[in-house]
Amino acid sequence: MRDAFYVGYLRMPKRLRAFVTTVVVVLLLGAGAVALVATTQQPAPGDGTWDLSEKIKVTGTLTTEPYAMLTVPGKPGAPPRQFLLVTMGKVGGAGLDLPATDDAVSITGYPIARGAAGTVLLTVESPEDDVAVSGKPVIARDPVPVALGTATLDGEIVDPKCYFGAMKPGQGKVHKACATLCIQGGIPPMFVTTDADGAPAYYLLVDEQGHGLRGEALHALLPFVADPVRLTGQRERVGDLLRLRIDPRMIERR
Amino acid sequence: MTHAYRAVQWNKHKRTYDALIAVGVVLFIALFVVVGLLQHEGDHAAHPVTLILRATSTCAITLLTIVLAIGPLARLSPRFNPLLYNRRHLGVSTFLVALVHGGLATFWYHGFGVVDPVTSVFTTNANYLPAEGQRWQSWLHGFPYQPLGVFALIILFLMAATSHDFWLKNLSPRVWKNLHTLVYLAYGLIVMHVTLGFLQDDVSVVYAGLLGGSAAVIVVLHVVAGVRENIKEGQDGIANTEWVAVAKIDDLEDAHGKVVCLKNHERIAVFRHGDKVSAVSNVCAHQNGPLGEGRIIDGCITCPWHGYQYRPEDGQSPPPYTETIPTYRVRVEGRDILVNPEALPPGTAVEPALIHETVGEAGDA
Ligand code: FES
């Protein structure tokens with residue numbers, strides 16, 4: 001006991017010093033172990049990328065319905081490709097003031113791509129510099145929708161910008177507010193589910209008439225973003241993207 | 001102490017203590033981020049910001065667990081007192097690490113959008129109440145967990161901002177102590193923040209285990225320390241009648257004290273200094289440290305927590321300091337030390353009782 005007395009402004013007694021050193025070492029090693037265990041247990045966030053090192057240039061037809069998109073002819077035998085257009089922030093393509101034209105348009109942007117889905121979005125930095133109307137005639141017509149029947153699907157509503165690569169991870173509870181903010185800002189809502197083979201399937205969400213979700217319809221959807229939900233609607237394929245026509249007031253929680 | 005306030009009264013121990021905190025925090029975050037980057041490589045890597053958010057949150061909770069464990073540990077064994085000595089710096093560090101986490105999360109998840117980030121923290125997820133017909137599991141799963149973290153951060157800020165002795169003095173030790181027990185509320189909010197946030201995602205049960213482990217350490221240590229003190233108190237409780245025998249002279253080593261608990265839960269520290277015996281309140285005027293566990297150094301009772309000093313004969317800090325503590329009248333009868341349980345006003349001089357006889361070797365034992 002006598003050896004153990006300690007006052008901050010005096011020398012620490014020897015035996016006490018040995019004890020305190022041991023405790024400090026144990027604490028530091030314990031903290032290190034916590035860091036190691038916690039960091040190695042992190043779930044894999046998927047293989048999405050948002051390549052900010054180089055812009056790619058894509059030429060096609062501009063549409064604003066259901067959302068701001070560029071449609072590009074596909075490879076021979078493949079359906080036309082559709083790129084969702086978004087800004088650098090949490091605001092959708094409507095914020096880009098895209099020109100209303102039927103002529104071919106070239107867009108330069110940073111690609112967001114994820115695994116087998118390939119590039120799904122282009123982020124456009126400056127509408128003035130990165131969007132050019134070529135003046136040439138249309139090179140790709142709006143693809144014809146192919147109806148795939150009604151389905152009830154379990155999954156999660158995500159904002160594709162974060163999900164496909166801007167945030168990693170860009171889904172789930174921690175990301176819920178961010179995803180809600182993105183969709184509120186006009187980034188098109190997407191539904192992530194699994195197909196019959198267990199592979200991920202992505203549906204662009206539109207209203208029952210096939211229009212983009214805006215205003216009240218969008219607000220009805222927002223509380224369900226990132227939560228486990230069940231959607232029922234008409235499936236269709238438009239170009240290389242799937243769409244699900246839903247009534248946002250009928251979204252069920254699982 | 002009283003005569004002038006400096007930001008921090010530095011000494012070698014505090015420097016070592018702070019250096020260890022800084023090194024520990026930097027190594028913790030670096031280890032977490034670097035190993036996290038190596039774990040899922042290339043396109044599969046988590047975003048560095050995500051890793052920093054997770055590293056800082058894990059680090060802040062680890063620090064807070066240590067902060068909250070030190071108190072009961074020191075109550076269980078005074079050998080932990082050196083960790084208690086500068087605990088406030090550990091608390092301030094916890095706040096700073098948590099601030100990095102909160103600030104970065106606000107910027108990252110709530111910035112760049114159509115709502116200003118701070119408002120967004122509270123409003124973007126507005127599922128505060130269950131929707132009609134919603135199951136409670138589903139409600140909790142979607143509950144806005146961010147504001148819980150904000151409230152915890154505000155408490156940690158208040159505590160860090162008032163951690164200095166200036167505030168201790170100006171808020172009065174009682175108010176200060178009450179304010180600082182809010183740390184338990186902050187801890188509870190943080191546990192909820194993680195449980196309703198990160199743990200709702202599809203993550204390893206290891207995280208629930210780590211969080212539960214932290215809570216278990218804190219609860220068990222507090223319960224054990226509390227039970228031990230209650231048992232002691234029950235044994236020591238002495239009736240507040242006139243002049244009570246509190247100790248045998250042979251039990252008191254020179255320059256040592258003994259804590260005596262009266263039935264009304266007042267604690268008295270009885271000290272032997274040479275052939276004299278004095279009794280003062282056991283409660284240090286600084287932060288209620290247990291003076292009876294202190295020693296007499298340079299003729300003054302020295303608090304085991306931060307080393308505040310009081311003269312045994314009048315309970316006053318030596319000049320230039322002005323702290324005072326209550327004193328008690330004391331008497332020696334045969335081998336018994338007797339104390340009058342009526343506390344005298346702080347700083348009242350009391351003639352020490354003299355040990356005349358042949359007690360001898362107790363002090364050299
Ligand atoms: S409590 Fe701080 S010196 Fe006594």
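Just one of (1) modelled with pLDDT under 90; (2) open to solvent by 20 Å² or more (accessible area, probe 1.4 Å); (3) within 16 Å of the ligand (Cβ to nearest atom) fails for B:Gly289. It is (2). For the stretch A:87-97, the set of residues classified as assigned to a loop (DSSP other than H, G, I, E, B) and surrounded by 21 or more Cβ atoms within 10 Å (Cβ to Cβ) consists of A:Thr87, A:Lys90, listed by residue number. Of the residues making up the stretch A:105-145, those that are open to solvent by less than 30 Å² (accessible area, probe 1.4 Å), part of a loop (DSSP other than H, G, I, E, B) and not small (Gly, Ala, Ser) are A:Val124, A:Pro143. Evaluate the following for A:Gly77: is it more than 7 Å from chain B (Cβ to nearest Cβ), free of Cβ contacts under 8 Å to residues at least 12 places away in the same chain, over 30 Å from B:Gln309 (Cα atoms) and surrounded by fewer than 17 Cβ atoms within 10 Å (Cβ to Cβ)? It is true that A:Gly77 is more than 7 Å from chain B (Cβ to nearest Cβ), free of Cβ contacts under 8 Å to residues at least 12 places away in the same chain, over 30 Å from B:Gln309 (Cα atoms) and surrounded by fewer than 17 Cβ atoms within 10 Å (Cβ to Cβ). Residue pairs whose Cβ atoms lie under 7 Å apart, separated by 6 or more positions or on different chains, with the first residue in the stretch A:15-34 and within 7 Å of chain B (Cβ to nearest Cβ) and the second surrounded by 16 or more Cβ atoms within 10 Å (Cβ to Cβ) and among the charged types (D, E, K, R), are A:Leu16/B:Arg79; A:Phe19/B:Arg79.
Taking the listed residues A:Pro66, A:Pro45, the one that is more than 14 Å from chain B (Cβ to nearest Cβ) and surrounded by 14 or more Cβ atoms within 10 Å (Cβ to Cβ) is A:Pro66, with no other qualifying.
Assigned to a strand (DSSP E or B) and open to solvent by 10 Å² or more (accessible area, probe 1.4 Å): does that describe A:Gly149? Spelling it out, A:Gly149 is indeed assigned to a strand (DSSP E or B) and open to solvent by 10 Å² or more (accessible area, probe 1.4 Å). The set of residues from the stretch B:241-258 being surrounded by 18 or more Cβ atoms within 10 Å (Cβ to Cβ) and within 14 Å of chain A (Cβ to nearest Cβ) comprises B:Leu252, B:Ala255, B:His256, B:Gly257, B:Lys258. Screening B:Ala22 against (1) within 8 Å of chain A (Cβ to nearest Cβ); (2) closer than 30 Å to B:Trp305 by Cα; (3) open to solvent by 30 Å² or more (accessible area, probe 1.4 Å) leaves a single unmet condition, (1). Within the stretch B:30-44, if we keep just the residues that are more than 7 Å from chain A (Cβ to nearest Cβ) and either open to solvent by less than 20 Å² (accessible area, probe 1.4 Å) or assigned to a helix (DSSP H, G or I) (or both), the residue that is farthest from A:Asp47 (Cα to Cα) turns out to be B:Ala30.
Considering (1) surrounded by 15 or more Cβ atoms within 10 Å (Cβ to Cβ); (2) modelled with pLDDT of 95 or more, the lone condition that B:Val118 does not fulfil carries the number (1).
Residues that are under 25 Å from A:Ile157 (Cβ atoms) number at least 3 in the following helices (runs of 4 or more DSSP H) confined to the stretch B:121-187: B:136-142, B:146-161. Scan the stretch B:292-314 for residues that are open to solvent by less than 10 Å² (accessible area, probe 1.4 Å) and away from the ligand (no atom under 13 Å from the Cβ) and the total you get is 1. Every test in (1) within 22 Å of B:Leu51 (Cβ to Cβ); (2) touching a strand residue (DSSP E or B) at 6+ places or on another chain (Cβ under 8 Å) is passed by B:Ser138 save one, and that test is (1).
Close contacts from the stretch B:294-312, counting a first residue that is on the phi > 0 side of the Ramachandran plot and facing another protein chain (nearest Cβ under 9 Å) and a second that is open to solvent by 10 Å² or more (accessible area, probe 1.4 Å) and within 13 Å of the ligand (Cβ to nearest atom), with Cβ to Cβ under 7 Å and a gap of 6+ residues or different chains, come to B:Gly307/A:Tyr9.
Out of the stretch B:274-286, which residues are within 12 Å of the ligand (Cβ to nearest atom) and touching a residue at least 60 places away in the same chain (Cβ under 8 Å)? Across the stretch B:274-286, the qualifying residues are B:Ser281, B:Ala285, B:His286.
Look at the stretch B:206-230: where a residue is modelled with pLDDT of 95 or more and a partner is of a type in the set (Phe, Trp, Tyr), sitting 6+ places away or on another chain with Cβ atoms under 8 Å, you get B:Tyr207/B:Phe198; B:Ile218/B:Tyr187.
In this structure, A:Ala38 does satisfy being facing chain B (nearest Cβ under 7 Å) and in contact with a Leu (Cβ under 8 Å, 6 or more places away or on another chain). Here the condition is being surrounded by 14 or more Cβ atoms within 10 Å (Cβ to Cβ) and in the same structural domain as A:Gly109 (by TED's automatic domain parsing); of A:Thr40, A:Thr61, it holds for A:Thr61 alone.
Among the residues of the stretch B:86-114, the ones that are more than 13 Å from B:Ile21 (Cβ to Cβ) and either modelled with pLDDT of 95 or more or open to solvent by less than 20 Å² (accessible area, probe 1.4 Å) (or both) come to 14 in all.
Based on what the data block shows, is B:Val191 within 13 Å of another protein chain (Cβ to nearest Cβ) and away from the ligand (no atom under 16 Å from the Cβ)? Judged against the criteria, B:Val191 is not a match.
Residues of the stretch B:313-324 that are assigned to a loop (DSSP other than H, G, I, E, B), free of Cβ contacts under 8 Å to residues at least 60 places away in the same chain and not charged (D, E, K, R): B:Gly315, B:Pro318, B:Pro319.
The values are calculated or read from the model by the stated rules, or taken from the named source; none is laboratory data. Predicted model, so just to flag it, every value in this text is computed and none were measured. All Cβ positions, glycine included, derive from the backbone under ideal geometry; neighbour counts span all protein chains shown. Only protein heavy atoms, including side chains, enter the accessible area calculation; ligands, DNA and RNA are left aside. Shrake-Rupley method; radii C 1.70, N 1.55, O 1.52, S 1.80 Å.
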